[in-house]
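Engineer: Sharing a structure below in structure tokens format, with a few things to ask.
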Amino acid sequence: MRREYLYHNLATPEEMEALGFATKISCPKGARLFLTGQLGSGKTVFCRGYLRGAGYKGRVKSPTFTIVESYAMLGFDVHHFDFYRIEDPTELYFIGLDQYFDDGSDVLVEWPSKGEGVLPSADLVIEIQVGTEPHFRVLKMCGETERGCAIISNLCGQSFGHLRTDSSPSMG
């Protein structure tokens, strides 16, 4: 399968949240998004925007200590995971991980590498790199499945900011 890549430079947390919002608008129900990046890079800010795009108006908190926060939306759920504190991927079996990954629920996973070997595959992998300026971020999305590539295509159709896509793996 051909992979699609999308790149975007973000200068503020508000831009990160807006891109999360736009991403949800571009996602079909049941999308699986994995977010990588160092602590404080904006993964949870992106997830907050995603939840706003799904219609959630309440407080969005990081699930660092709870591992998962679930949000019941009209007709579907969004499950937001943070595996930062996971020591061994087999710990995820104890929370019933498989029950969260169904076709009717969107799943956002921060620190997916901590669940390697246990997690189902992602539709979209989002890598956030911290830049030299205080809030500057370089965001790269990779469509890992047909659904993931469709999300990128849909995002580009929204004309969000200055998105750039290609089919090569370089960060450009």
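Where a number appears in this text, it was derived from the coordinates with a stated rule and is not lab data. Treat the numbers as computed from the prediction; the structure is a model and nothing was measured. For neighbour counting, all protein chains shown are included, and Cβ atoms are generated from backbone atoms with ideal geometry for every residue, glycine included.
Engineer: Which of Ile151, Ile67, Ile128 has the fewest other C-beta atoms within 10 Å, and how do the rest follow up to the most?
Structural biologist: Ile67, Ile128, Ile151
Engineer: What full-extension length gain, to one decimal in nm, is calculated for Arg52 and Thr64 as 0.36 nm per residue of separation minus the Cα-Cα distance? Numbers along the way, then the final one.
Structural biologist: Details: separation 12, 0.36 × 12 = 4.32 nm, distance 1.97 nm.
The span from Arg52 to Thr64 would gain 2.4 nm if fully extended.
Engineer: Let me ask you something else. Return the whole-Å distance between the Cα centroid of segment 79-145 and the Cα centroid of segment 1-38.
Structural biologist: 12
Engineer: So for the pair Asp88, Ile25, with labels modelled 7 Å out along Cα→Cβ, what separation do we get in nm?
Structural biologist: Going by the 7 Å Cα→Cβ label model, 4.6 nm.
Engineer: Same structure again: Where does helix 146-157 land angle-wise versus the long Cα axis of the chain, in degrees 0 to 90, nearest 10?
Structural biologist: The angle comes out near 40 degrees.
Engineer: Out of segment 1-86, which chymotrypsin sites (Phe, Trp or Tyr not before Pro) are coil in DSSP terms and have no more than 14 other C-beta atoms within 10 Å?
Structural biologist: Phe65
Engineer: Within a 10 angstrom radius of the beta carbon, how do Arg32, Arg48 rank from fewest other beta carbons to most?
Structural biologist: Ordered from fewest to most neighbouring Cβ atoms within 10 Å, Arg32, Arg48 come out as Arg48, Arg32.
Engineer: Considering only DSSP states other than H, G, I, E and B, which GluC sites (Glu not before Pro) in segment 68-128 qualify as loop sites with at most 10 other Cβ atoms within 10 Å?
Structural biologist: Glu87, Glu116
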